[in-house]
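Reviewing the structure listed below.
The values are calculated or read from the model by the stated rules, or taken from the named source; none is laboratory data. Just so it is clear, the model here is predicted, and its values are computed rather than measured. Methodologically, a virtual Cβ is constructed for each residue, glycine included, from the backbone with ideal geometry; neighbour enumeration extends over all protein chains shown.
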Amino acid sequence: MTKTAEYIKTADANLLHTYNRYPIVLEKGDGVYLYDSDGRKYLDAAAGIAVFALGYNNKEYNEALKRQIDSLIHTSNLYYNIPVAEASEKLNKISGMDRVFFTNSGTEAIEGAIKSALKYAYTKEAADDYEIIAMEHSFHGRSMGALSVTGNAHYREAFGSGIGHIKFARFNDLESVKKLVNKKTCAIIFETIQGEGGIYPATEEFVKGVRALCDENDILMIIDEIQCGLGRSGAMFAFEKYGVKPDILTLAKALGCGVPVGAFLMTERVAEKSLVPGDHGSTYGGNPLSCAAVVEVLRQFEEKDIAGHVKELSPYLTEKLEELKARKNHVKSIRGEGFMRGIELDIPANDIVKAAQKEGLLLITAGTNILRLVPPLIFEKEHIDEMFAVLEKVL
Ligand SMILES: *Cc1c(COP(=O)(O)O)cnc(C)c1O
């Protein structure tokens, strides 16, 4: 048995079977390339699901983490630490938010956002039946709260009624949101660009309309930019393009570039009426190691103008996608912005993912028939060309 087959056998014998993994054992990475345990090289257009934005084996990032490991990894939130002070200041500055709570994942950021909104409403008038409006085809995570606002019945099916008091509107259909608003509505949650649901950007009319609706009724607008935030759309935050600001913002994925960290952020206006000591906590959240990653990631984003780079290459990527669509009958439509793109096919997307792997390209899907392109944000023109050469071939 080869080493690779042995690793796979061991993992399959011990891990809970919640994923159908591809038979590839990834061992190391360099820039936008990954190498498996047989030494095969792959161009990575998946970035560990939109996470590793700055590329693998990034020397400065690795050094920053090593320095932090050598000084202090964990403290708990009973004390202050240096990276959490720096990370919170930087993050508020670039997002225009005022208060941040660090979590260990995107799902936990959503949990915190939901609790923040419920507490905000409760502070105004104590009640336990406040409602949240979420969107169909949304994805916000797998814990019971995050699952409850995830608009995919299949994911929720076996797990009871969730946290309750959640209503689903149609994404990009303002009227469908308006119909659900009542005196009990405390928050409206949506992704600026739906990710898992199939790469659907929100329309300007929708985002501005929801903002106005929230302002008129003192409802909190929760924007989930766990996937589309931090440069991926070609702006630091996708919501910037609409000229609006959320009341609560959730981030994760690229925030730590691989070190597990997420965050929920809010404006001072919300914070004043929301969570207070005793309402929320996390043993790991905001620990020195994860916050050192955040500080270094944000430093590199600024230094390299990552959002600007994505914006600059975005038209070229669009051009290549248009060409592919014109040439390949299996391509039904193309969607998305920046380095977050969807290619809708009339065949199972997973077949293409597997064929691309054989050609040395890692891709992911969104749903059954959509290929999702979420490469590291340091992708250059030559990498885009390399990716399309494989797509041409396998399609
Ligand atoms: C990935 C994702 C989440 C969940 O984040 P985890 O880190 O997997 O818990 C939530 N919302 C969106 C939009 C996501 O893409």
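Summary table
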{"item": "Answer from 196, 204 - the residue that is within 23 Å of the chain's Cα centre (by Cα), within 16 Å of the ligand (Cβ to nearest atom) and among the charged types (D, E, K, R)", "result": "196"}
{"item": "Matching residues in region 36-45 - criterion: being touching a residue at least 40 places away in the same chain (Cβ under 8 Å) and not in a loop (DSSP other than H, G, I, E, B)", "result": "41, 42, 43, 44"}
{"item": "Residue in region 3-23 that is under 26 Å from the mean Cα position of the chain (by Cα), of a type in the set (Asp, Glu) and surrounded by 12 or more Cβ atoms within 10 Å (Cβ to Cβ) present", "result": "no"}
{"item": "Scan of region 46-72 for residues that are within 16 Å of the ligand (Cβ to nearest atom), out of contact with any strand residue (DSSP E or B) (no Cβ under 6 Å at 6 or more places or on another chain) and in a loop (DSSP other than H, G, I, E, B), ordered by number", "result": "51, 52, 53"}
{"item": "Given (1) surrounded by fewer than 19 Cβ atoms within 10 Å (Cβ to Cβ); (2) out of contact with any strand residue (DSSP E or B) (no Cβ under 6 Å at 6 or more places or on another chain); (3) closer than 21 Å to residue 120 by Cβ, number of the condition residue 186 does not satisfy", "result": "(1)"}
{"item": "Scope region 356-395; condition under 17 Å from the mean Cα position of the chain (by Cα) and more than 23 Å from residue 310 (Cα to Cα); matching residues", "result": "367"}
{"item": "Residue within region 73-89 that is within 13 Å of the ligand (Cβ to nearest atom) and touching a residue at least 60 places away in the same chain (Cβ under 8 Å) present", "result": "no"}
{"item": "Single residue of region 98-118 satisfying the filter (within 8 Å of the ligand (Cβ to nearest atom) and surrounded by 24 or more Cβ atoms within 10 Å (Cβ to Cβ)) that is farthest from residue 273 (Cα to Cα)", "result": "106"}
{"item": "Residue 154 on the phi > 0 side of the Ramachandran plot and either surrounded by fewer than 21 Cβ atoms within 10 Å (Cβ to Cβ) or within 16 Å of the ligand (Cβ to nearest atom) (or both)", "result": "no"}
{"item": "Residue in region 210-222 that is farther than 22 Å from residue 129 by Cβ, within 13 Å of the ligand (Cβ to nearest atom) and surrounded by 20 or more Cβ atoms within 10 Å (Cβ to Cβ) present", "result": "no"}
{"item": "Strands (runs of 3 or more DSSP E) (entirely within region 118-209) containing at least 2 residues that are modelled with pLDDT of 95 or more and over 29 Å from residue 236 (Cβ atoms)", "result": "166-169"}
